[in-house]
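Read-outs throughout are calculated quantities, based only on the coordinates presented, and are distinct from any laboratory measurement. Given the structure is predicted, the values throughout are model-derived calculations rather than measurements. Cβ atoms come from the backbone with ideal geometry, glycine included; neighbour counts cover every protein chain shown.
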């Protein structure tokens, strides 16, 4: 690990809820302020799974963290990760815990990733210098997955060949490239403009339970104690 990445940690899948969403909410809601509950509900009301960033072998924990933070800030619920030579890592200082609120989904390779997305009706775009599409075009695409590649080598040939279209951010200065995290932030902001949440009641309930669990210290223990009292 680089010296500058001392605060980095390996990203892992989220744990399952310790009980049903309704039971988790019943146990934790009395411990939360009205303001916090309102904030949780407001965030859920804006959450969407119709725009999905995909990171292919992005190595720098700072870049990974910045993309996660942008995704969460713009109301996205999923980030997909295509495994590369090293594990995906995030910097706690930069991510500010954004990964805790997101669904991270790993894929062993480009084929598995694209197949999983296409099964769910996504069109797949790869960020490149020569793309014909622009970020704002994605705002009207029903389901858009946008792939961002490795800092040095870009998007792999296999994934690029499987994508539907190429996407580029217009630049008019002498610099003709952007850091991957900056490119992701610009693209995700444009792609999410005007979208509304498509989550059904069941998905909203599950997120409400998860977000409450993250908002209460030792929430798992509180839920376990609540269940024990119920017998």
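Side notes on the structure shown:
- When peptides 132-143, 168-179 are sorted by average Cβ neighbour count within 10 Å, with the highest value leading, the order is 132-143, 168-179.
- Gaussian network model of the chain, Cα within-10 Å springs - most flexible of 126, 182, 147: 182
- Between 49, 39, 204, the Gaussian network model of the chain with springs among Cα atoms under 10 angstrom shows the greatest mean-square fluctuation at 39.
- Residue of 76, 102, 214 that the Gaussian network model of the chain assigns the largest fluctuation, springs spanning Cα pairs under 10 Å: 214
- Highest mean first, the peptides 215-222, 55-62 sorted by other C-beta atoms within 10 Å per residue fall in the order 55-62, 215-222.
- Note on residue 198 and residue 105: the extension gain reaches 31.6 nm, defined as 0.36 nm multiplied by sequence separation minus the Cα-Cα distance.
- DSSP beta bridges confined to the stretch 47-216 are antiparallel in about 5 percent of cases.
- Projecting label points 7 angstrom from Cα along Cα→Cβ for residue 34 and residue 177 puts them 5.4 nm apart.
- Prolate/oblate/rounded label for the stretch 52-143 (Cα gyration tensor, a/c 1.5): prolate
- Taking a ≥ b ≥ c as the square roots of the eigenvalues of the Cα gyration tensor, an a/c ratio of 1.5 or more together with a/b no larger than b/c marks the stretch 39-95 as oblate.
- Label-point separation in nm, residue 112 to residue 130, each point 7 Å along Cα→Cβ: 3.1
- Among (1) 18.7, 61; (2) 17.1, 53; (3) 18.8, 68, the entry derived from the coordinates for Rg and Dmax of the Cα atoms in Å: (3)
- Considering helices alone, the calculated mean residue ellipticity of the chain at 222 nm is -12000 deg cm²/dmol, with DSSP H runs of length four and up weighted by -39500 (n - 2.57) and normalised per residue.
- Helix axis angle, 61-73 relative to the chain longest principal axis, alpha carbon, degrees: 60
- The chain: relative contact order as a whole-number percent, Cα under 8 Å and 6+ apart: 29
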